[in-house]
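Throughout, read-outs are computed from the coordinates displayed, never taken from laboratory work. Predicted model only: the values in this text are computed from it and were never measured.
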Amino acid sequence: MSCYITYLVIEDTIEIDDPIDYKQSDGFLFFRFDDDFCWLIKNARDFESTAIYFDYIKSRDDFEKQSPLAKLINIIEDHQIKDFILEHYSEFGDVPADHFFMMVSGGNIIHDSLVFDEDDESFEKNSAEMHQYKKTFGLENYWFSKFI
C-alpha cells in the first residue's frame, strides 16, 4: 500500500468556511491533501515568489480548476497567505519514499528551505536546515507524525 500526503501549514489567523480537511493545533492550521505535490515543491526552485509561480501554474493547459492543487492555491490566494510551509511525505509498502519541504515567507519562496531530490547537490544541506526553518516558523520538528 502506498500513500501521498501533503500538508499546507499556516498560522491560525484566518476563518475557513471551505469544507476542506484541516486540523487546528498549537496555533496553526494544517490542511491535508492526499495528493502527490512533490513536483510542486521541486519546481518552486525556478521561481522567486508564489504569486509568479501560481500564475504560471494556473496558465498551463493541464491546470484543472477543481483539482486538489487548485484548492491549495485558492486557500493561499483567497486568504492572502504570505507565510506558510508545504511538507510532502510519501511511502510505498510502509517504507518511506519521499520527504519534500518548502517554506514561504512574505510571499517569497525560501530557496534554502527547499528539500526534494536526494540527487540534488543542495539536498543534504537543505535537509539538515529543514528543522531550523520549522523552528523559525514555530513548529515542532516532528509535527508531521501527529497527523499521519
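A convex hull fitted around the alpha carbon atoms of the stretch 10-107 yields 122 Å³ per residue.
Beyond 24 Å in Cα-Cα separation lie the following of the pairs Lys23/Lys82; Lys71/Lys135; Lys58/Lys82; Lys58/Lys134: Lys71/Lys135; Lys58/Lys134.
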